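Q: Sharing a structure, written as structure tokens. Questions coming.
The values are calculated or read from the model by the stated rules, or taken from the named source; none is laboratory data. Here the structure is a predicted model, which is why all the values come from computation and not from measurement. So basically every Cβ, Gly included, is an ideal-geometry build from the backbone, and we count neighbours across all protein chains shown.
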Amino acid sequence: RKTVWKLSTGSKELDNILDGGLESQSVTEFAGMFGSGKTQIMHQACVNLQCEDRIIADDSIKDEILEKPLKAVYIDTEGTFRPERIMQMAEALGIDGKDVLDNTFVARAYNSDMQMLFAEKIEDLIKEGHNIKLVVVDSLTSTFRNEYTGRGKLAERQQKLGRHMATLNKLADLYNCVVIVTNQVAARPDAFFGSSEQAIGGHIVGHAATFRIFLRKAKGDKRVAKLYDSPHLPDAEAMFRITEKGIHD
Ligand code: ATP
Ligand code: MG
């Protein structure tokens, strides 16, 4: 087993409840209602990947990771990837947004088959020599939710989603990648925590994602992130902000 490393979210508080940041060799799920900041966190992660001081790793593994330019794959199922937002976040950190965009492969998936195929193709990119260390799926669940409606399709949906999660977990494991996914929930947080079926994917995602974070809006630009059901970290909450600069404390 390779040594895990971590990618900062941009918020110290949020990094702290994750024991340092987004962990490699794991899938981390961000769930929350519309506007809770899931897509913003995904964008910030792509920017942070190009910031050496936002990569938290032991010296030996850091050298190995940084051997070649770091690259991300962003599977966008909702058409919400915004290059301008990447530029804005990069500028706030004093790095060149063009470098971030050059090192981020954006794949627009219009349906779940495309989404699954893109995830499966990432391994080919790595074998071609691309140093892919971050994989984003935004959103993990929307295509499945749209295509497999009704009780009769539930089993098939869960089975496909399970296969997709297995692909992502394998990538994370084999290539020491950080994998982050989003999951929109319609319900209020209390309903969400009361029933695992409230979040589409239910226990399939629950068991396949190592870290699960629920985001909710607070006052103004503030957001609350709650880590829950982690195998080795305590449930905990963090407060962060979303401003023109991006994600920060
Ligand atoms: P959905 O479930 O609809 O996809 P989401 O959780 O992905 O929602 P985001 O798109 O990440 O939500 O968050 C949108 C919010 O982020 C906006 O309402 C705004 O508060 C904030 N935001 C987005 N862009 C900026 C910006 N350039 N400057 C400041 N705040 C911004
Ligand atoms: Mg979004």
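Q: Would you check if residue 132 is surrounded by 18 or more Cβ atoms within 10 Å (Cβ to Cβ), part of a helix (DSSP H, G or I) and of a type in the set (Val, Ile, Thr)?
A: no
Q: Further question on the same structure: When the range 141-170 is examined, which residues are found to be in contact with a helix residue (DSSP H, G or I) (Cβ under 7 Å, 6 or more places away or on another chain), within 16 Å of ligand 2 (Cβ to nearest atom) and not hydroxyl-bearing (Ser, Thr, Tyr)?
A: 144, the sole residue that qualifies.
Q: Within the range 5-48, can you find the residues that are within 12 Å of the chain's Cα centre (by Cα), outside any helix (DSSP H, G or I), within 16 Å of ligand 1 (Cβ to nearest atom) and more than 20 Å from residue 234 (Cβ to Cβ)?
A: Answer for the range 5-48, where residues must be within 12 Å of the chain's Cα centre (by Cα), outside any helix (DSSP H, G or I), within 16 Å of ligand 1 (Cβ to nearest atom) and more than 20 Å from residue 234 (Cβ to Cβ): just 37.
Conditions tested, residue by residue: (1) more than 18 Å from the chain's Cα centre (by Cα); (2) buried (at least 21 other Cβ atoms within 10 Å of the Cβ); (3) within 28 Å of residue 153 (Cα to Cα).
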residue	(1), (2), (3)
92	yes, no, no
99	yes, no, no
116	no, no, yes
119	no, yes, yes
125	yes, no, no
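Q: Within the range 53-68, track down each residue that is among the charged types (D, E, K, R), under 10 Å from residue 7 (Cα atoms) and either more than 16 Å from the chain's Cα centre (by Cα) or within 15 Å of ligand 1 (Cβ to nearest atom) (or both). Steps first, answer last, please.
A: As a first pass, look at the range 53-68 and keep what is among the charged types (D, E, K, R): 53-54, 58-59, 62-64, 67-68.
Applying the additional criterion that residues be under 10 Å from residue 7 (Cα atoms) yields 53-54.
Answer for the range 53-68, where residues must be among the charged types (D, E, K, R), under 10 Å from residue 7 (Cα atoms) and either more than 16 Å from the chain's Cα centre (by Cα) or within 15 Å of ligand 1 (Cβ to nearest atom) (or both): just 53.
Q: Further question on the same structure: Considering every residue within the range 81-91, establish whether at least one is over 27 Å from residue 62 (Cα atoms) and touching a strand residue (DSSP E or B) at 6+ places or on another chain (Cβ under 7 Å). Lay out the reasoning, then the answer.
A: Going through the range 81-91, the residues over 27 Å from residue 62 (Cα atoms) turn out to be 81-85.
Retained after the next criterion (residues that are touching a strand residue (DSSP E or B) at 6+ places or on another chain (Cβ under 7 Å)): 81.
Yes, the range 81-91 contains a residue that is over 27 Å from residue 62 (Cα atoms) and touching a strand residue (DSSP E or B) at 6+ places or on another chain (Cβ under 7 Å).
Q: Test each condition in (1) away from ligand 2 (no atom under 16 Å from the Cβ); (2) over 21 Å from residue 27 (Cβ atoms) for residue 232 and report the one that comes out false.
A: Every listed condition holds for residue 232 apart from (2).
Q: Looking only at the range 76-97, count every residue that is in contact with a helix residue (DSSP H, G or I) (Cβ under 8 Å, 6 or more places away or on another chain), of a type in the set (D, E, K, R) and more than 10 Å from ligand 1 (Cβ to nearest atom) and tell me the total. Walk me through it before giving the result.
A: At the first step, the residues of the range 76-97 found to be in contact with a helix residue (DSSP H, G or I) (Cβ under 8 Å, 6 or more places away or on another chain) are 77-78, 80-83, 85-91, 93, 95-97.
Restricting the remaining residues to those that are of a type in the set (D, E, K, R) gives 78, 82, 85, 91, 96.
After this cut, where a residue has to be more than 10 Å from ligand 1 (Cβ to nearest atom) as well, the list is 91, 96.
Going through the range 76-97 one residue at a time, the tally reaches 2.
Q: Further question: Need the failing condition index for residue 118 against (1) out of contact with any strand residue (DSSP E or B) (no Cβ under 8 Å at 6 or more places or on another chain); (2) under 18 Å from residue 181 (Cβ atoms); (3) of a type outside the set (Val, Ile, Thr), just the number.
A: Single failed check for residue 118: (1).
Q: To continue, here is another question. Only one of 173, 190, 138 is away from ligand 2 (no atom under 16 Å from the Cβ), under 29 Å from residue 10 (Cβ atoms) and at pLDDT 95 or above. Can you tell me which? Steps first, please.
A: Numbers: 190 fails: at pLDDT 95 or above; 138 fails: away from ligand 2 (no atom under 16 Å from the Cβ).
Residue meeting the stated conditions: 173.
Q: Restricting to the range 75-117, count the residues that are aromatic (Phe, Trp, Tyr) and outside any loop (DSSP other than H, G, I, E, B). Walk me through how you get there before you give the answer.
A: Looking only at the range 75-117, we keep the residues that are aromatic (Phe, Trp, Tyr), and these are 81, 105, 110.
Of the ones still in play, those that are also outside any loop (DSSP other than H, G, I, E, B) are 105.
Here the count works out to 1.
Q: With the checklist (1) at pLDDT below 95; (2) within 29 Å of residue 157 (Cα to Cα); (3) surrounded by fewer than 22 Cβ atoms within 10 Å (Cβ to Cβ) in hand, flag the one item residue 233 doesn't pass.
A: For residue 233, the failing item is (2).
Q: Considering only the range 73-80, I want to know if a residue exists there that is in contact (Cβ under 8 Å) with a residue 24 or more places away in the chain and away from ligand 2 (no atom under 16 Å from the Cβ).
A: Step one: filter the range 73-80 for residues in contact (Cβ under 8 Å) with a residue 24 or more places away in the chain, giving 73-80.
From the residues that got through so far, the ones that are away from ligand 2 (no atom under 16 Å from the Cβ) too are 73.
There is at least one residue in the range 73-80 that is in contact (Cβ under 8 Å) with a residue 24 or more places away in the chain and away from ligand 2 (no atom under 16 Å from the Cβ).
Here is a yes/no grid of residues against (1) out of contact with any helix residue (DSSP H, G or I) (no Cβ under 9 Å at 6 or more places or on another chain); (2) surrounded by 23 or more Cβ atoms within 10 Å (Cβ to Cβ); (3) modelled with pLDDT under 95:
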| position | (1), (2), (3) |
| --- | --- |
| 4 | no, no, no |
| 8 | no, no, no |
| 16 | yes, no, no |
| 24 | no, yes, no |
| 27 | no, yes, no |
| 30 | no, yes, no |
| 36 | yes, yes, no |
| 41 | no, yes, no |
